[in-house]
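The values are calculated or read from the model by the stated rules, or taken from the named source; none is laboratory data. In this text the structure is predicted, and so the values were computed from the model without any measurement. Backbone-built Cβ (ideal geometry, glycine too); neighbour counts: all protein chains shown.
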Ligand SMILES: [Zn+2]
Ligand SMILES: [Zn+2]
């Protein structure tokens, strides 16, 4: 096949995949049923919700702050699951989060609303975290990631080529295949990514500061509802900054993230006395 013929064949194959004809536009012609789209939305939103609880219970309270202990298999399994379902890189997340604790609300903070702006942090935390990790990788690895040196899977998932392959494969394998796959991708990524932004934006701006620490605890009905949806993180973000090594985020009140960590993920809290 000569070069021109090959190019024409490729163009036709790509256009056919999009339901288009050469030189003319047609609507998305992949056959689908609306109830499949509805099911895809429910499945994606459920995974997003489940992942928010996994993040607070295993990634944040367990692996990052070592306040709750899990078997190695659980830690690796959750890291792989989060990487596959919402493209979260565990080590980047941990390094950026520990840097956030060390430099909260200062210019060095990877996602401080005070320097980056409330809406930027709300909408773009998903970008700030991996961007900061990429720009500061060597120093971040030395300073924050030594305890994970032997966990080879986690380092492999951080390889830029592997991360990009996963991220772009999921986008092109979902958004451009058809409405069902696109809905499944959007409904699990968008709520999850916005919820992460919510914790960092609202959790450092709105609410109460009962303890001598940065961060805010949820106040009012809507912030409380959001707090429950996000695994309890915004319910006690001020408390968490005051006591980062504690497995609980609230004193004397129900903490859904701690309940999930103990009763669903079978984690063992190292410190919930405070
Ligand atoms: Zn914070
Ligand atoms: Zn933390």
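Quick notes on this one:
- Residue in the stretch 244-274 that is surrounded by the fewest Cβ atoms within 10 Å (Cβ to Cβ), counting only those that are within 16 Å of ligand 1 (Cβ to nearest atom) and more than 17 Å from residue 199 (Cα to Cα): 245
- Selection count, the stretch 46-91, where residues are surrounded by fewer than 22 Cβ atoms within 10 Å (Cβ to Cβ), within 16 Å of ligand 2 (Cβ to nearest atom) and under 25 Å from residue 186 (Cα atoms): 3
- Output for the stretch 200-227, where each listed residue is within 19 Å of residue 117 (Cβ to Cβ), surrounded by 20 or more Cβ atoms within 10 Å (Cβ to Cβ) and either free of Cβ contacts under 8 Å to residues at least 60 places away in the same chain or away from ligand 2 (no atom under 15 Å from the Cβ) (or both): 201, 202, 203, 207, 216
- All positions within the stretch 216-274 that are under 10 Å from residue 68 (Cβ atoms), touching a helix residue (DSSP H, G or I) at 6+ places or on another chain (Cβ under 6 Å) and not in a loop (DSSP other than H, G, I, E, B): 257, 261
- For the stretch 49-66, a residue qualifies if it is part of a helix (DSSP H, G or I), within 16 Å of ligand 1 (Cβ to nearest atom) and over 12 Å from the mean Cα position of the chain (by Cα), and the qualifying residues are 61, 64.
- Meets criteria (under 30 Å from residue 173 (Cα atoms), touching a helix residue (DSSP H, G or I) at 6+ places or on another chain (Cβ under 8 Å) and buried (at least 21 other Cβ atoms within 10 Å of the Cβ)) for residue 100: no
- Meets criteria (within 27 Å of residue 45 (Cβ to Cβ) and in a helix (DSSP H, G or I)) for residue 98: no
Matching residues to (1) at pLDDT 95 or above; (2) under 30 Å from residue 42 (Cα atoms):
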{"site": "193", "(1), (2)": "yes, yes"}
{"site": "201", "(1), (2)": "yes, yes"}
{"site": "204", "(1), (2)": "yes, no"}
{"site": "211", "(1), (2)": "no, no"}
{"site": "225", "(1), (2)": "yes, yes"}
{"site": "230", "(1), (2)": "yes, yes"}
{"site": "260", "(1), (2)": "yes, yes"}
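- Residue match in the stretch 193-213 (condition: part of a loop (DSSP other than H, G, I, E, B) and under 20 Å from the mean Cα position of the chain (by Cα)): yes
- Single residue of 79, 69, 95 found to be away from ligand 1 (no atom under 11 Å from the Cβ) and in contact with a strand residue (DSSP E or B) (Cβ under 6 Å, 6 or more places away or on another chain): 69
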